[in-house]
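Working notes for the structure below.
Please treat every number below as a calculation from the coordinates, not as lab data. In this text, all values refer to a predicted model and were calculated from it rather than measured experimentally. We place every Cβ from the backbone using ideal geometry, glycine too, and count neighbours over all the protein chains shown.
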Amino acid sequence: MAVDSDLSDFLIAPDPDRAGLTRAVEGVDQNGNAQMLSVVEERPLTIFLNSQEIVTAMTIGDYPDYLALGFLRNQGMLLDDDQITGVDYDDDLETVVVRTARQTSYEDKLKKKTRTSGCAVGTVFGDMMEGLETVRLPDVTVHTSWLYSLAARINRTPSLYLQAGAIHGTILCQQDRPLVYMEDVGRHNAVDKIAGWMLQEQVGAADKILYTTGRLTSEMVIKTAMMGIPVLASRSGFTAWGVEIAREVGLTLIGRMRGQRFVCLSGNERLIRDVDPASVAVEDSKHRRKSAAE
């Protein structure tokens, strides 16, 4: 299974050399020798919905419009029939304002916060399970050859993680093709950027796969299900509640994807095993990403 770092298939690919995402910081190693490290930047972004301040998120600062749209959509503050009249980003004020034709007020929802297990401390407003009881994801099959191809391709794609670390990646895929690759200090931010892009571009979810480098927690499963994506895969492991929710909504949940190995804890009946794992290349240590040593 030959894989290269060609980015031509991506609609949005990582740009690790983009100005402002990292800075050089001088440090000292274990032997007392000076070292210059490329360190990820982290900055606040305050999100408004019309005139109401919703949240301040810590982010690397790219794609603030997608992050704001996706966060509001995943929090249930943007509805399916909402007409978005503007998305205004002010770099100096570090704010983004999403405007809708509908008048909005979420005072009661903002009073209830849940600190999630996401790195950089994610926040969910209101009842995390709100609206999930009506979600039933499409019963789509998944070829294991797609999963192996995606994992190998993504693992070798130039990224901010491979350059500086301290970052998570989330990738929207269709069959064996990665489409949109987002990174951020928190995996919840990366997922929200994907959701924002899908909302802005009016992209359907029923035939998509979401791949993440982070843990498969309840938050990740809920966001994926609410976005309507039927398959969630990761290099990392699971939480019990995440697995339980995935089984309830019909989400195919696959974790611990490294080289020839993976584990499916929900939706195994939807997997088409069309490739012998023994024919898949063992993961090269120089390409191992976060969680590969778990």
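Tell me, in nm to one decimal, what length is gained between Arg18 and Ala101 on full extension, where the rule is 0.36 nm per residue of separation less the Cα-Cα distance?
Extending this stretch completely gives an extra 26.4 nm.
With the dipole of the chain worked out from charges on the C-beta (+1 for Lys and Arg, -1 for Asp and Glu) around the Cα centre, which of Ala278, Leu45, Pro138 lies farthest toward the positive end?
The residue sitting most towards the positive pole is Ala278.
About the Cα centre of the chain, what is the dipole size in debye to 20, counting +1 per Lys and Arg Cβ and -1 per Asp and Glu Cβ, all else neutral?
My answer is approximately 920 debye.
What 222 nm value per residue comes from the helices of the chain, counting each DSSP H run with n ≥ 4 as -39,500 (n - 2.57) and dividing by all residues, nearest 500 deg cm²/dmol?
Computed mean residue ellipticity for the chain: -6500 deg cm²/dmol.
Return the single residue from Glu26, Glu244, Glu219 with maximal mean-square fluctuation; model: Gaussian network over the chain, springs between Cα atoms under 10 Å.
Comparing Glu26, Glu244, Glu219 in a Gaussian network model of the chain, the most mobile one is Glu26.
Considering the chain as a Gaussian network with a 10 Å cut-off on Cα pairs, which listed residue, Asn33, Asn155, Asn268, attains the greatest mean-square fluctuation?
Largest GNM mean-square fluctuation: Asn33.
Could you tell me the relative contact order of the chain? Use alpha-carbon pairs under 8 Å, at least six residues apart, and round to a whole percent.
Rounded, it is 18 percent for the chain.
Step through the residues of the range 17-22 one at a time and calculate ³J(HN,Hα) from phi using the Karplus curve (6.51 cos²θ - 1.76 cosθ + 1.60, θ = phi - 60°), rounding each to whole Hz and writing x for Gly and Pro.
8, 4, 4, x, 7, 9
I want the local charge near Tyr148. Using Cβ-Cβ distances under 12 Å, sum +1 for each Lys or Arg and -1 for each Asp or Glu among the other residues.
Charge balance in the 12 Å sphere: 0.
What FRET efficiency, computed as 1/(1 + (r/R0)^6) with R0 = 25 Å and r the Cβ-Cβ distance, is obtained for Gln200 and Thr239, rounded to the nearest 0.05?
0.25
Any chance you could check the Cα centroid distance between the range 233-283 and the range 17-76 for me, in angstrom?
After rounding, the separation between the Cα centres reads 30 Å.
Of Val55, Val203, Val39, which has the largest mean-square fluctuation in a 10 Å C-alpha GNM of the chain?
Per the Cα network of the chain with a 10 Å cutoff, Val203 tops the list.
Hey, what did the range 142-287 get for relative contact order, percent, Cα under 8 Å, at least 6 apart? Before the final figure, lay out the partial values.
On the way: 268 pairs, mean separation 30.2, N = 146.
It comes to 21 percent, rounded to a whole number.
With a ≥ b ≥ c the root eigenvalues of the C-alpha gyration tensor of the chain, is it rounded (a/c under 1.5), prolate (a/b larger than b/c) or oblate?
oblate
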